[in-house]
1. So if we plug the beta-carbon distance of A:R247 and B:K223 into 1/(1 + (r/R0)^6) with R0 = 45 Å, what FRET efficiency do we get, rounded to 0.05?
2. About its Cα centre, how strong a charge dipole does the protein assembly as shown have in debye, to the nearest 20, once Lys and Arg get +1 and Asp and Glu get -1 at the Cβ?
3. Could you state the number of Å between the C-alpha centres of segment A:225-253 and segment B:168-190?
4. Between A:P167 and the same site in the other copies, what are the distances in nm, shortest first, taking label points 7 Å from Cα along the C-beta direction?
5. Of the cross-linked pairs A:K187/B:K187; A:K81/A:K243; B:K81/B:K196; A:K101/A:K257; B:K127/B:K187, which ones have a Cα-Cα span greater than 28 Å in the structure shown?
6. In whole Hz and in residue order, list the ³J(HN,Hα) couplings for segment A:130-135 that follow from phi through the Karplus curve 6.51 cos²θ - 1.76 cosθ + 1.60, θ = phi - 60°; x for Gly and Pro.
7. Taking every pair of alpha-carbon atoms in chain A, what share in percent sits in each 5 Å bin, from 0 to the bin with the longest distance?
8. Averaged across the residues of A:236-242, what count of C-beta atoms belonging to other chains lies within 10 Å of each residue's C-beta?
2 protein chains.
Amino acid sequence: MIGIFDSGIGGLTTVKAIMEKLPGYDIVYFGDTARTPYGTKSCGTVINYSLENSKLLMEKGAKLIIMACNTASSVATEKVKENFDTPVFEVISPAVKRALKESRKKQIGIIGTRGTIKSNVYEKMIKGFDKSASVFSEPCPLLVPLVEEGWTERPETAMIVKKYIQPLKVRQIDTLVLGCTHYPVLKDVIQRKAGKRVKLIDSAEAVTDEVVNFLQENPDFDKSLSKNGKTDFFVSDVTEQFKITARSIIKKRIELKHIEI
Amino acid sequence: MIGIFDSGIGGLTTVKAIMEKLPGYDIVYFGDTARTPYGTKSCGTVINYSLENSKLLMEKGAKLIIMACNTASSVATEKVKENFDTPVFEVISPAVKRALKESRKKQIGIIGTRGTIKSNVYEKMIKGFDKSASVFSEPCPLLVPLVEEGWTERPETAMIVKKYIQPLKVRQIDTLVLGCTHYPVLKDVIQRKAGKRVKLIDSAEAVTDEVVNFLQENPDFDKSLSKNGKTDFFVSDVTEQFKITARSIIKKRIELKHIEI
């Protein structure tokens, strides 16, 4: 199975992308809703949680792990790769590669949680590929709670998005990386506030393309993945609001199974 | 020592009230910043966390426990009282008693997290004391992240507060219970949006008065509490933002010590 974990519900944007591009592949998802959010927490804590989540996915039959959480990808990728003998995908490098491909002026904006932005992982990686690129980052800590509350169309959300995006607009970015799995849900309002000419990079789509390429290049591994169209959604805590948000992201009725971590 | 726990940093409003009314009493605080927030989580999860937090406070020398978290108080009080042989204080009943005392028209508004409001604990308790009282509740899930971000004076916060308070204003409440430890930080804007004539009830102040009364009525127990002006602040995760928020609540420099839970 393809294993995907996230700090909560937001990683379902990646599940949706995988379902569209790899229909029929069995998926096991774990959302750490009991300990969400990760973006405000320290590196050590996020690393511990990521290792626990990966172990859980392996126990549930995962043969490939996608860390759909940007905060976890920023700080825990090395440790997860060290500890598990399976292909591990993170959401940072696919988004970086795509941003560099799409950007003409190499004026790239990054938005993410406080944890992701503070880690500086996007900037380091972009500059590693292309020294001439300019990178401008803004932490947007309130967007995750706004998405989890379902406030995607509210004027307050538009105001807050505008406040976050304004400093990047001033820098005349031409490309904006949505550096958090929750943000694709706010794509429309972000596009409106960033301006039509700014190209948005969705890390859920970018990592999915990377997984598709990997499977094409490794047909034997691809064959080892089960393809019965089965999906299992586990979460460390279940509430009504989580169910509503999950349904609004994945656009269909799904069952969230509770599991202790 | 007086032990106080909260889901995060917000419970420091109670520490501040205790320090003012019981100066010199030794205090040990635990903020569960690694697993914050509690307000969006299920009852079972909040009960487990509350038992773990109480155990930790006891190990650190607490002889009296204040559950400064409204969500924990709403769902875990019975279990904590069952499991620990010390005086346990919760923040709900002191606020309820004060609200009933202050309210003339018995038109009482309650704001809190989704968990607190869903538990219906305030309404049940108010009606238990006074059947004729009318209670109107509004969950305000975005106020905790706004406080934790330090957005106390921003126009977006004022808009969101107004949106939450409006339905209560329509009901012509004369008293409003701030049913979450974070909310006293937003007292000014809440008062402005609720209107001057609405009396705000601060649960941090209410529980502190209850503790003061208890100690006066139990002088032997009072004597057993150490009074060296010592304060220990433990948190399950430390970040810069937690430090900034903690300092802004307690109004002085404090050291947050990391402890695994």
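Each reported figure results from applying straightforward, stated rules to the coordinates on display, with no laboratory input. All figures in this text were calculated on a predicted structure; none of them were measured in a lab. Here Cβ is always computed from backbone atoms with ideal geometry, including for glycine, and neighbour counts include all displayed protein chains.
1. Computed FRET efficiency for A:R247 and B:K223: 0.20.
2. That gives the protein assembly as shown a dipole magnitude of about 2160 debye.
3. First find each Cα centre; the distance between them is then 35 Å.
4. Those separations, rounded to one decimal, come out as 3.5 nm.
5. A:K187/B:K187; A:K81/A:K243; B:K81/B:K196; A:K101/A:K257
6. Karplus values, whole Hz, x for Gly and Pro: 8, 4, 6, 5, 9, 10.
7. Each 5 Å bin holds this share of Cα pairs: 1, 6, 14, 19, 20, 17, 12, 7, 3, 0, 0.
8. 5
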